[in-house]
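Student: One structure, as structure tokens, below. Some questions next.
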Amino acid sequence: MAELSVDNLRLRFGGLVVLDGVSLAVEKAELLALIGPNGAGKTSVFNCISGIYRGEGAVRLRGEDIAGKAPHRIARLGIARTFQHGELFPQMSVIDNLLVGRHARIGYGPLAEMLFLPRVRLDEVRQREKIEQIIELTELERYRNAPVGGLPFGIQKIVGFARALALDSSVLLLDEPSAGLNREEREDLARFILRIKHDLGVAMIWIEHDMQMVADLADRIHVLNYGRTIAEGAPSAVLSDPQVIEAYVGRS
């Protein structure tokens with residue numbers, strides 16, 4: 001059974017067809033690259049999976065149809081995502097931003113937290129231990145107590161990536177995590193992605209425009225153009241497909 005599957009996904013805004021029968025699936029510990037020209041519908045697929053948009057068709061997490069569920073319920077089920085822009089809390093530290101990503105794993109209410117009951121204290125220790133593991137994995141140790149708003153853009157992108165990891169999800173949706181990063185930061189990101197894949201076994205769908213990164217890292221590639229699938233398969237075959245080349249560079 002696929003970790004996440006999308007079947008015949010359709011989305012329209014009035015007379016504009018954004019997604020037209022998109023179907024894809026990703027397995028546990030698999031990295032599926034979702035590529036296509038600007039406006040192809042890639043982020044719309046993510047928005048439908050994560051509950052921001054409500055399209056037609058089925059979205060299944062380990063066989064359970066989650067289409068139509070609220071975004072916070074989908075997050076609790078185990079789907080996390082990053083955004084093209086960090087969407088972080090700039091006045092808060094790196095640690096506090098990552099703790100926000102643990103909200104779905106906190107099992108007590110505001111009253112218990114206000115009274116700081118023993119179980120709350122124990123749970124806070126566990127949450128902070130998990131955050132420290134993620135900080136170590138993403139090599140953010142030197143920034144842990146720094147306000148996010150004062151960090152370089154590339155580090156903020158890594159913080160957003162780390163916050164998605166904090167949810168302890170089984171599926172990770174990465175929306176252009178390398179956009180705006182320099183070469184060294186992209187290499188670091190590639191290492192983090194491979195660690196997550198091999199060490200944690202997380203299924204990932206990755207929107208990316210850096211075709212060299214895609215060719216080097218992805219297990220499979222799924223290509224959209226104008227909301228429709230035009231190719232899917234191994235990187236070497238897909239990136240040499242005439243339809244894919246035409247979609248990116250046009251017809252000579």
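The values are calculated or read from the model by the stated rules, or taken from the named source; none is laboratory data. Small disclaimer: the values here were computed from a predicted structure and weren't measured. FYI the Cβ positions are ideal-geometry reconstructions off the backbone, even for glycines, and counts take in every protein chain you see.
Student: Please determine, by comparing only the residues of the range 211-242 that are touching a Leu at 6+ places or on another chain (Cβ under 9 Å) and assigned to a loop (DSSP other than H, G, I, E, B), which one is farthest from residue 164 (Cα to Cα).
Tutor: Among those that are touching a Leu at 6+ places or on another chain (Cβ under 9 Å) and assigned to a loop (DSSP other than H, G, I, E, B), it is 227.
Student: State all residues of the range 195-234 that are free of Cβ contacts under 8 Å to residues at least 12 places away in the same chain and buried (at least 19 other Cβ atoms within 10 Å of the Cβ); if no residue qualifies, say none.
Tutor: Result: no residue meets the conditions.
Student: Is one or more of the residues making up the range 164-175 among the aliphatic types (A, V, I, L, M), more than 14 Å from the chain's Cα centre (by Cα), in the same structural domain as residue 136 (by TED's automatic domain parsing) and part of a helix (DSSP H, G or I)?
Tutor: Of the range 164-175, the ones among the aliphatic types (A, V, I, L, M) are 164-167, 171-174.
Those still in the list that are more than 14 Å from the chain's Cα centre (by Cα) too: none.
The answer is no; no qualifying residue exists.
Student: Consider residue 181 carefully, then state whether it is of a type in the set (A, V, I, L, M, F, W, C), over 18 Å from residue 75 (Cα atoms), free of Cβ contacts under 8 Å to residues at least 40 places away in the same chain and assigned to a loop (DSSP other than H, G, I, E, B). It would help to see each step written out before you state the result.
Tutor: Numbers: of a type in the set (A, V, I, L, M, F, W, C): yes; over 18 Å from residue 75 (Cα atoms): yes; free of Cβ contacts under 8 Å to residues at least 40 places away in the same chain: yes; assigned to a loop (DSSP other than H, G, I, E, B): yes.
Taking the combined requirement at face value, the residue satisfies it.
Student: For the range 68-103: of the residues being at pLDDT 90 or above, more than 16 Å from the chain's Cα centre (by Cα) and of a type in the set (Gly, Ala, Ser), which is surrounded by the most Cβ atoms within 10 Å (Cβ to Cβ)?
Tutor: Applying the filter and picking the extreme gives 93.
Student: Going through the range 189-236 one residue at a time, which ones are within 16 Å of residue 4 (Cβ to Cβ) and of a type in the set (Lys, Arg)?
Tutor: 197, 220
Student: Between a residue in the range 42-60 that is in a strand (DSSP E or B) and any residue that is of a type outside the set (A, V, I, L, M, F, W, C), which pairs come within a Cβ distance under 6 Å, given they are 6 or more apart or on different chains?
Tutor: From residues that are in a strand (DSSP E or B), the pairs are 56/10; 57/7; 57/8; 57/10; 58/7; 58/65; 60/5.
Student: Also: Taking the range 211-252, which residues are under 15 Å from residue 193 (Cβ atoms), touching a Lys or Arg at 6+ places or on another chain (Cβ under 8 Å) and among the hydrophobic types (A, V, I, L, M, F, W, C)?
Tutor: Passing the criteria: only 213.
Student: Something else now. Can you tell which of 22, 6, 26 is more than 24 Å from residue 249 (Cβ to Cβ), surrounded by 14 or more Cβ atoms within 10 Å (Cβ to Cβ), β-branched (Val, Ile, Thr) and in contact with a helix residue (DSSP H, G or I) (Cβ under 8 Å, 6 or more places away or on another chain)?
Tutor: Details: 22 fails: more than 24 Å from residue 249 (Cβ to Cβ); 26 fails: in contact with a helix residue (DSSP H, G or I) (Cβ under 8 Å, 6 or more places away or on another chain).
After applying the criteria, what remains is 6.
Student: Still on this structure: Restricted to the range 225-237, and to residues that are among the hydrophobic types (A, V, I, L, M, F, W, C) and in contact with a helix residue (DSSP H, G or I) (Cβ under 6 Å, 6 or more places away or on another chain), which residue is nearest to residue 25 (Cα to Cα)? Step through it out loud before you land on a result.
Tutor: As a first pass, look at the range 225-237 and keep what is among the hydrophobic types (A, V, I, L, M, F, W, C): 230-231, 234, 237.
Within this subset, residues satisfying the condition of being in contact with a helix residue (DSSP H, G or I) (Cβ under 6 Å, 6 or more places away or on another chain) are 230-231.
On the way: 230: 15, 231: 14 Å.
Per the criteria, the residue is 231.
Student: Just to be sure I understand, how many residues within the range 170-179 are crowded, with 22+ Cβ neighbours inside 10 Å and touching a Gly at 6+ places or on another chain (Cβ under 8 Å)?
Tutor: Residues that pass the stated criteria total 2.
Student: Is it true that residue 158 is without any contact (Cβ under 8 Å) to a residue 40 or more places away in the chain, in a helix (DSSP H, G or I), crowded, with 19+ Cβ neighbours inside 10 Å and touching an Asp or Glu at 6+ places or on another chain (Cβ under 9 Å)?
Tutor: On the way: without any contact (Cβ under 8 Å) to a residue 40 or more places away in the chain: yes; in a helix (DSSP H, G or I): yes; crowded, with 19+ Cβ neighbours inside 10 Å: yes; touching an Asp or Glu at 6+ places or on another chain (Cβ under 9 Å): yes.
Yes; evaluated as a whole, the condition is true for this residue.
Student: Of all residues in the range 70-95, which are closer than 22 Å to residue 27 by Cβ and either part of a loop (DSSP other than H, G, I, E, B) or β-branched (Val, Ile, Thr) (or both)?
Tutor: 74, 78, 79, 82
Student: Consider the range 136-176. How many of its residues are under 17 Å from residue 100 (Cβ atoms), touching a Lys or Arg at 6+ places or on another chain (Cβ under 8 Å) and modelled with pLDDT under 95?
Tutor: 4
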